[in-house]
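Notes follow the structure.
Nothing in this text is a laboratory measurement; each read-out follows from the coordinates by a stated rule. Source: prediction; values computed, not measured. Virtual Cβ from ideal backbone geometry, glycine too; neighbours counted across all protein chains shown.
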Amino acid sequence: MKKLILFLLLVPVVSCSSDDEETFCIDLSLGVNCSGAEYIKNSDSSYVLPWEIGETFRIGQGNCTNGSHSEGSYSQFAYDISMPIGTNIHAIQSGVVLRVVENFDDVEDGVNDVSLIDEANFIEIEHSDGTIASYVHLTKNGALKKEGDIVIQGESIALSGNSGWSSGPHLHFQLNKCIDTDPRENYIWYSCNSIPLTFKNTSEHCFGLLDYNFKPEGYTANSF
């Protein structure tokens, strides 16, 4: 059996967005720091927003920012979604629950203590295409599923919170792609990256979801 070794390889994805969205993308390009990344046209995406249909939330931090989602980092294509503690989180795609951590307390609003980086509650779900969705900063005992459970797209899976290294209540969400890059027979060396992500059940977003500075009204989850 191969020995499991986890390694995070940070490799930016570069490409062009869809030609039929060129005008729309140019209009929004000032709000995006990684506009060369390959985003699937959201009407062609297989994923849905991770919150309840009919609800609207703003993006506190988008992709490739000057903050914790900096270009080239593991979380460059992550989203921080501002929402109150206890908000229902929904699965962006069907899959199987890989890992659950839910034993850490929420921190007080505004604490923002980097020493708590390893004390964030989360749930991870693997999809049939091999991608893994990470839903982070959940409230204590906020997982509604256990490891090994099968979940259906749009199903409620957890409650948002403010655990770990966090400046305020929100959901940190990212979609990861991991591959075995070790050529040796007896080892696995996983290289993981967050990948560009769009959602089929909200308004057009050809460079990914824009943060509140450029989309102050936020994004509404529509039926799918």
With θ taken as phi - 60° and the coefficients 6.51, -1.76 and 1.60, list the Karplus ³J(HN,Hα) couplings across the range 45-59 in order, rounded to whole Hz; mark glycine and proline as x. 6, 9, 9, 10, 4, x, 9, 5, 4, x, 8, 10, 9, 9, 8
Given 0.36 nm per residue, what is the gain on full extension from Glu108 to Lys177 after removing their alpha carbon distance, in nm? 21.6 nm
Using θ = phi - 60° and Karplus 6.51 cos²θ - 1.76 cosθ + 1.60, couplings along the range 218-223 (whole Hz; Gly, Pro as x): x, 10, 9, 7, 9, 5
Taking neighbour counts of Cβ atoms within 10 Å as a proxy for exposure, in what order, fewest first, do Glu185, Glu155, Glu119 appear? Glu185, Glu155, Glu119
Placing each pseudo-label 7 Å from Cα in the direction of the beta carbon, Tyr187 and Ser223 end up separated by a distance in nanometres of 5.4
Quick note, the range 63-182: a/c under 1.5 would make it rounded; otherwise a/b > b/c is prolate and the rest oblate (a ≥ b ≥ c, C-alpha gyration tensor); here it is oblate
By its C-alpha gyration tensor, with a ≥ b ≥ c as the square roots of the eigenvalues, how is the range 181-224 shaped: rounded for a/c under 1.5, else prolate for a/b larger than b/c, else oblate? prolate
What is the gain in length, in nm to one decimal, between Tyr212 and Glu71 on full extension, counting 0.36 nm per residue of separation less the C-alpha to C-alpha distance? 48.9 nm
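Charges at C-beta only: +1 for Lys and Arg, -1 for Asp and Glu. How large is the resulting dipole of the range 69-224 about its Cα centre, in Debye rounded to 20? Before the final figure, lay out each step's value.
Details: 8 positive and 22 negative charges, 81 e Å.
It works out to roughly 380 debye.
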Table column - 3J(HN,Hα) (Hz), the range 71-78, Karplus curve with 6.51, -1.76, 1.60, x for Gly and Pro: 4, x, 8, 4, 9, 4, 9, 7
Along the charge dipole of the range 3-220, pointing to its positive end and built from +1/-1 on Cβ of Lys, Arg, Asp and Glu, which listed residue (Thr181, Tyr212, Pro169) has its Cα farthest out? Thr181
How big is the charge dipole of the range 101-186 about its Cα centre, in debye rounded to the nearest 20, if each Lys and Arg gets +1 on its Cβ and each Asp and Glu gets -1 on its Cβ? 180
Taking a ≥ b ≥ c as the square roots of the eigenvalues of the Cα gyration tensor of the range 3-220, is the shape rounded (a/c under 1.5), prolate (a/b larger than b/c) or oblate? rounded
Can you give me the long-range amide H partners of Ile89? Hydrogens built in the peptide plane at 1.01 Å from N, cutoff under 5 Å, separation of 5 or more residues or another chain. Ile157, Ala158, Leu159, Ser160
Chain lengthening between Ile53 and Lys41 when straightened (0.36 nm per residue, less Cα-Cα): 2.3 nm
Tell me the label-point distance for the pair Lys140, Leu116, using the 7 Å Cα-to-Cβ offset, in nm and rounded to one decimal. 1.1
Extending each Cα 7 Å along its Cβ direction at Asp129 and Glu147, get the distance between those two points in nm, one decimal. 2.7
